[in-house]
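Below: one structure, written as structure tokens.
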């Protein structure tokens with residue numbers, strides 16, 4: 001049996017390496033929709049099939065979004081019954097469509113409709129198993145009147161299991177104004193999540209215009225002084241509006257000497 005010389009073996013290895021590199025380059029250039037030579041994929045069956053499937057998805061997404069948008073635009077300029085029908089149409093997409101982007105877009109469009117069916121569909125969306133759907137529903141609730149949306153936003157802020165969803169609820173409540181908004185967002189002032197506490201205080205600052213920053217104690221005093229929950233049975237406020245600006249007076253000990261009182265402000269994580 002002839003024995004290959006070292007030079008022959010070296011040449012074979014080099015040949016195989018060149019072939020492997022060439023094959024990898026061809027697959028990479030023709031089988032991918034990216035790169036400078038992506039158009040060569042038209043000569044490769046598997047690349048063509050992939051493009052066809054991607055185009056189907058893109059066309060479906062575009063056509064479906066256009067259909068939803070046109071339905072809502074027609075309903076807005078129509079009657080209350082038209083809005084009800086549009087809301088029910090979007091609600092079915094949210095419940096049954098297999099493409100998440102369709103569902104999110106439908107939830108976003110619901111915020112443009114002011115009818116009972118729209119509110120009901122948004123209420124259902126806030127209980128969806130997908131957190132992105134719930135966050136989209138919060139954004140749409142923000143566009144509705146306060147008496148329709150604030151109670152549900154407060155419930156989400158208190159009870160949702162996802163931190164991002166609760167943060168979204170705190171932010172949305174900050175887009176409203178008045179005592180109801182203050183009360184709704186203040187329920188999470190003492191939450192154990194520092195990020196949520198900060199978001200709540202940012203929303204309180206936006207609602208009230210008060211520059212209290214991240215001083216949790218000051219905000220608690222402000223809320224107590226300005227909301228109806230702080231009104232005594234006699235009808236008199238239990239504290240004045242200026243109380244939250246004042247520091248607590250030091251307490252006297254048994255020997256009548258002043259003892260400093262230390263309070264904790266909000267802590268960064």
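What follows draws every value from the coordinates through simple rules; no lab data is involved. Fair warning: this is a prediction, and the values are worked out from it, not measured in the lab. Here the Cβ is made from the backbone with ideal geometry for all residues, glycine too, and neighbour counts use every protein chain on show.
At-a-glance table
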read-out: Burial order of peptide ranges 136-144, 194-202 (average beta-carbon count within 10 Å, highest first); value: 136-144, 194-202
read-out: FRET efficiency, 1/(1 + (r/R0)^6) with R0 45 Å, evaluated for residue 159 and residue 77 via beta carbons; value: 0.75
read-out: Ranked packing of 215-222, 156-163, most packed first, by mean Cβ within 10 Å; value: 215-222, 156-163
read-out: Shape of the range 145-231, Cα gyration tensor, a/c cut at 1.5; value: oblate
read-out: The range 119-239: relative contact order in percent, alpha carbon pairs under 8 Å with at least 6 residues between; value: 17
